Amino acid sequence: DGGITQSPKYLFRKEGQNVTLSCEQNLNHDAMYWYRQDPGQGLRLIYYSQIVNDFQKGDIAEGYSVSREKKESFPLTVTSAQKNPTAFYLCASSRGQGESEAFFGQGTRLTVV
Amino acid sequence: SQKIEQNSEALNIQEGKTATLTCNYTNYSPAYLQWYRQDPGRGPVFLLLIRENEKEKRKERLKVTFDTTLKQSLFHITASQPADSATYLCALDRTGGSYIPTFGRGTSLIVHP
């Protein structure tokens, strides 16, 4: 059953801690993306990767880091440098070529306590 | 810079009516445009893609138009049902042909029985 899986669904973090959000896909997609969504806001691009071992900053990369060591996996670390990390995080993948649709995971809701 | 605008106010309609949602964009000439549906607490799901040389695309009760002169896409749901209630997002690929989906804020549709 092909798809993209994010975990955990809910995550609580204390201030000053780093946390890592998992994203795995078995769609054999080259491209993967991380978006952040705040209430009433659209999806803002954090990082993206179009090929293994390469990734690029999106529009709001400060305070975040990623890795792409395997085609299937694109974990996102929210560092203590991210000043307002409470949000809904969405991971997506696509073939990365023209007209390819994005497939999204179920999202991770991160709350700083 | 590229900008995508969707009506931030919720659209309330009666069951059975046609819902029409608008997506406007500026500073860009996309080769295609996509529409997604997002339910609360879930990731967006792809619905339709329309190319720049297509005026209209249909899928069951859905219809999308694309006017590259007006820089606008309209998304119609005919014979709407309460189950159609969701947020609908339009997306363009980022300037430069990098195939990175860039999303509008979305418009919330509420269909009343």
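The values are calculated or read from the model by the stated rules, or taken from the named source; none is laboratory data. Predicted model only: the values in this text are computed from it and were never measured. We place every Cβ from the backbone using ideal geometry, glycine too, and count neighbours over all the protein chains shown. Accessible surface areas use protein heavy atoms only, side chains included; no ligands, DNA or RNA. Shrake-Rupley method; radii C 1.70, N 1.55, O 1.52, S 1.80 Å.
Here are some notes:
- Summed over both chains, the area buried between B and A is near 1800 Å², taken from the accessible surface of protein heavy atoms with a 1.4 Å probe.
- Contact order normalised by residue count of chain B, Cα under 8 Å, 6+ apart, percent: 36
- Contact-buried residues of region A:75-113, at a threshold of 40 Å² lost accessible area versus the chain by itself: A:Glu99, A:Glu101, A:Ala102, A:Phe104 (1.4 Å probe; DNA, RNA and ligands ignored).
- Here A:Thr111 and B:Glu54 are evaluated by their C-beta separation; at R0 = 41 Å the FRET efficiency comes out at 0.45.
- Diffusion of the protein assembly as shown by Stokes-Einstein, at 20 °C in a medium of 1.002 mPa s and with Rh set to the Kirkwood radius over alpha-carbon pairs, works out to 119 µm²/s.
- Heavy-atom accessible surface of region B:1-97, averaged per residue, reaches 51 Å², computed with a 1.4 Å probe.
- Cα shape, chain B, gyration tensor, a/c 1.5 rule: prolate
- Note on A:Lys70: accessible area is roughly 110 Å² with a 1.4 Å probe, heavy atoms of protein only.
- Rounded, prolate or oblate (a/c below 1.5 giving rounded, otherwise prolate when a/b exceeds b/c) for region B:1-46 by Cα gyration tensor: prolate
- Solvent-accessible surface (1.4 angstrom probe) belonging to A:Phe12, in square angstrom, nearest 10: 140
- Under Karplus coefficients 6.51, -1.76 and 1.60, residue-wise ³J(HN,Hα) of region B:70-79 in Hz, glycine/proline x: 7, 6, 8, 10, 10, 10, 10, 10, 8, 6
- Region A:3-46: C-alpha gyration tensor shape, a/c 1.5 cut-off, then a/b vs b/c: oblate
- Contact residues in region A:17-62 by the 10 Å² criterion (accessible area, 1.4 Å probe, full protein complex versus chain alone): A:Tyr33, A:Tyr35, A:Gln37, A:Gly40, A:Gln41, A:Gly42, A:Leu43, A:Leu45, A:Tyr48, A:Gln50, A:Asp59.
- Accessible surface of the protein assembly as shown [probe 1.4 Å, protein heavy atoms]: carbon and sulfur percent: 46
- Of all DSSP-defined beta bridges confined to the protein assembly as shown, some 90% are antiparallel rather than parallel.
- Computed with a 1.4 Å probe on the full set of protein chains, the accessible area for B:Glu5 sits at about 90 Å².
- Normalised contact order of chain A, rounded percent, pairs of Cα under 8 Å and 6 or more residues apart: 35
- Using the Cβ-Cβ distance between A:Ile51 and B:Gln14 with R0 set to 41 Å, the FRET efficiency from 1/(1 + (r/R0)^6) comes to roughly 0.25.
- Rel. contact order, % - alpha carbon contacts under 8 angstrom, at least six apart, region A:6-51: 30
- Calculated accessible area for region A:50-94 comes out at 49 Å² per residue, all protein chains present (probe 1.4 Å; ligands, DNA, RNA ignored).
- Reported to the nearest whole Å, the Cα centre-to-centre distance from region B:1-44 to region B:58-113 is 4.
- Positive minus negative residues near A:Val113 (Lys, Arg vs Asp, Glu; Cβ under 14 Å): +2
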